1. Condition first: among the small types (Gly, Ala, Ser), surrounded by fewer than 21 Cβ atoms within 10 Å (Cβ to Cβ) and either touching a residue at least 60 places away in the same chain (Cβ under 8 Å) or under 16 Å from Ser474 (Cβ atoms) (or both). Now tell me which residues in the stretch 504-538 satisfy that.
2. Can you list the strands (runs of 3 or more DSSP E) found entirely within the stretch 320-405 that contain at least 1 residues being without any contact (Cβ under 8 Å) to a residue 40 or more places away in the chain?
3. Considering only helices (runs of 4 or more DSSP H) fully contained in the stretch 50-151, which possess at least 3 residues that are touching a helix residue (DSSP H, G or I) at 6+ places or on another chain (Cβ under 8 Å) and crowded, with 24+ Cβ neighbours inside 10 Å?
4. Check Lys462, Lys440 and return the single one that is in contact with a helix residue (DSSP H, G or I) (Cβ under 9 Å, 6 or more places away or on another chain), among the basic types (Lys, Arg) and within 28 Å of Asp510 (Cα to Cα).
5. Within the stretch 454-502, restricting attention to residues that are polar (S, T, N, Q) and more than 17 Å from His516 (Cβ to Cβ), which residue is surrounded by the fewest Cβ atoms within 10 Å (Cβ to Cβ)?
6. For Gly216, all conditions in the list (1) more than 29 Å from Glu253 (Cα to Cα); (2) in contact with a Ser or Thr (Cβ under 6 Å, 6 or more places away or on another chain) hold save one; what is the number of the exception?
7. In the stretch 428-447, what residues are surrounded by 15 or more Cβ atoms within 10 Å (Cβ to Cβ), of a type outside the set (Gly, Ala, Ser) and either modelled with pLDDT of 95 or more or touching a strand residue (DSSP E or B) at 6+ places or on another chain (Cβ under 9 Å) (or both)?
8. Is it true that some residue in the stretch 183-193 is closer than 27 Å to Gly307 by Cβ, basic (Lys, Arg) and in a helix (DSSP H, G or I)?
Amino acid sequence: MQLSEISSPADIRKMSIDQLKTLCDDLRRTFLTKISAHGGHVGPNLGLVEATVALHYVFDTPKDKIVFDVSHQTYIHKMLTGRIEAFLDPDKYDDVTGYTNPHESPYDLFTIGHTSTAVSLAGGIAKGRDLLNQKYNVVALVGDGSLSGGEAFEGLDNGATLDSNFIVIVNDNEMSIAENHGGLYGNLAELRKTRGNAPDNYFKTLGYDYIYVGEGNNVEALIDAFRKVKDTDHPVVVHIHTDKGKGYKPAEEHKEQWHWSMPFDLATGNLLHPDASENYADIFADEMLKQMKANPGVCVLTAGTPGVIGFTPELRKKAGKQFIDVGIAEQEAVAMASGIAKAGGRPCFGVNSSFIQRAYDQLSQDVAINNTPVVLNIFYGTILGLNDVTHLGWFDIALISNIPGWVFLAPTCVEEYLAMQRWAMRQQDYPVAIRIPGGKLCHCDTTVDTDYSNLNKYKIVKEGDTVAIIGAGSFLSLAIETATLLEKLGIKATVINPRYLSGVDNAMLDDLKRNHKAVITLEDGILDGGFGEKIARYYGPTDMKVGCYGLKKKFEDRYDYTSILEANHLTAPQISDDILALLAN
């Protein structure tokens with residue numbers, strides 16, 4: 001059977017084992033052809049080809065429900081569930097997302113892009129099934145790296161009590177994005193070593209029946225194991241040992257590097273469009289290594305994403321015990337950082353904007369209420385960053401700037417970022433978050449302040465009158481561009497760099513009342529609960545006209561950057577036209 005003839009899993013259930021092995025080879029080859037041209041998650045998908053085929057071969061999907069954790073390994077699943085054309089036809093490569101998506105297919109139960117959620121979600125489906133007295137299999141597929149997340153434990157802990165059909169497939173490839181961290185992984189290693197017969201068994205301790213499959217890339221062995229647990233009447237874990245990157249030598253030899261990749265030459269593994277430009281990840285890593293060397297109390301934390309913050313395996317080795325990877329556990333990272341700060345250390349947690357959402361309680365309770373001088377560096381907090389619906393960097397301003405006690409800084413250039421980071425690590429009075437600028441990296445040729453202890457003091461970049469434009473962080477350049485357009489029309493606008501997202505400069509805002517009729521705010525995030533609302537609220541009882549520019553409170557998926565900026569009136573010509581209309585009224 002040709003891949004183009006596969007419209008559903010029913011088509012593969014008629015195949016022999018030998019035909020399934022050939023199918024796996026064809027799927028792997030087709031996947032590599034697409035991913036080399038398109039980019040995406042490489043290693044996770046390659047390692048789960050046989051398991052995905054076996055799952056759909058044994059289970060009666062979509063009646064039987066499969067929940068994939070984090071979705072990094074679902075491309076083969078999509079190829080078998082009616083979406084093969086998006087992998088065979090280059091013109092249709094973008095017809096599917098990189099994650100499970102119920103809008104695409106009934107075989108996808110949830111839109112999932114964050115890790116450690118599958119066991120809880122699947123446990124909920126199983127409970128709902130039981131409440132309604134229905135009969136079908138519920139399967140959660142979770143990677144060993146995902147088990148380091150607290151929600152994965154909570155899901156396993158509760159799922160063990162269901163007393164009904166509940167199947168957890170643990171895909172153990174001995175990796176997260178990078179290497180695994182945590183005491184759990186010693187037990188997984190012992191289970192692998194003893195082929196599932198170790199006297200201590202994490203999953204049995206929780207209450208699960210347990211099956212081990214040492215040949216996790218052997219489709220016949222997987223089919224046999226899955227048949228044993230199909231229609232079970234109690235919770236069971238099937239622990240499969242797979243090879244991340246299976247079938248592509250560069251991905252097998254350099255697993256961390258090949259977790260995800262930009263387009264690459266399939267024959268050599270070399271990137272087609274390598275980017276050697278300066279970036280904030282490398283700037284952060286270089287700066288923190290210098291601080292570590294100068295002060296043994298300085299440490300950097302990551303929650304399973306060291307590459308995001310520039311710490312390659314070589315730099316992690318160089319940092320030694322001053323580099324801490326807590327696994328995929330943002331809550332642990334924030335709370336641990338608070339403890340380190342309480343003990344006198346100087347912690348800095350580098351994290352993606354969309355991931356810090358998972359630690360809201362720790363930001364508030366463990367840090368802010370206790371006023372521990374934790375430092376956060378927030379990456380990809382921007383409209384111009386990751387554009388998958390599960391990874392949007394739009395919400396961190398509203399999230400963090402409204403927690404009492406946090407100082408939230410928005411640098412506009414490399415020099416201002418470094419000055420803020422050095423001050424944040426030096427001071428011991430506040431928890432400080434720094435939002436790495438989005439968009440094109442830029443340098444400043446003006447002097448930047450080195451002390452930010454006098455909180456909420458904005459900086460005038462350009463003196464003017466009539467209208468003031470406050471451009472936060474990376475949107476300062478948009479404010480300057482807008483002011484330049486207005487100047488050509490005879491309006492000399494004031495341009496302000498607020499620097500602080502968490503507070504208002506009362507004195508400056510009061511002073512603007514003397515000779516300004518309008519104040520415009522520009523922020524790289526959602527408007528609801530954001531920075532601009534603080535300014536609008538301050539001027540509420542006055543005659544000052546205020547225009548706030550940012551994003552509508554809305555989820556977007558795989559959006560076009562130019563289109564979304566235009567749709568939200570976030571281009572200089574649109575803003576300048578709006579200002580003219582505002583002043584005319």
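1. If the condition is that a residue be among the small types (Gly, Ala, Ser), surrounded by fewer than 21 Cβ atoms within 10 Å (Cβ to Cβ) and either touching a residue at least 60 places away in the same chain (Cβ under 8 Å) or under 16 Å from Ser474 (Cβ atoms) (or both), then Ala518, Gly529 are the ones that fit.
2. 323-325
3. Counting at least 3 such residues, we get 75-80, 118-131.
4. Result of the check over Lys462, Lys440: Lys462.
5. Asn454
6. Answer for Gly216: the failing condition is (1).
7. If the condition is that a residue be surrounded by 15 or more Cβ atoms within 10 Å (Cβ to Cβ), of a type outside the set (Gly, Ala, Ser) and either modelled with pLDDT of 95 or more or touching a strand residue (DSSP E or B) at 6+ places or on another chain (Cβ under 9 Å) (or both), then Tyr430, Pro431, Val432, Ile434, Arg435, Ile436, Pro437 are the ones that fit.
8. The answer is yes, given that some residue of the stretch 183-193 is closer than 27 Å to Gly307 by Cβ, basic (Lys, Arg) and in a helix (DSSP H, G or I).
The values are calculated or read from the model by the stated rules, or taken from the named source; none is laboratory data. It should be emphasised that the depicted structure is a prediction, and the values quoted were computed from it without experimental measurement. Heads up, the Cβs are rebuilt from the backbone with ideal geometry, glycines too, and the neighbour counts pull from every protein chain shown.
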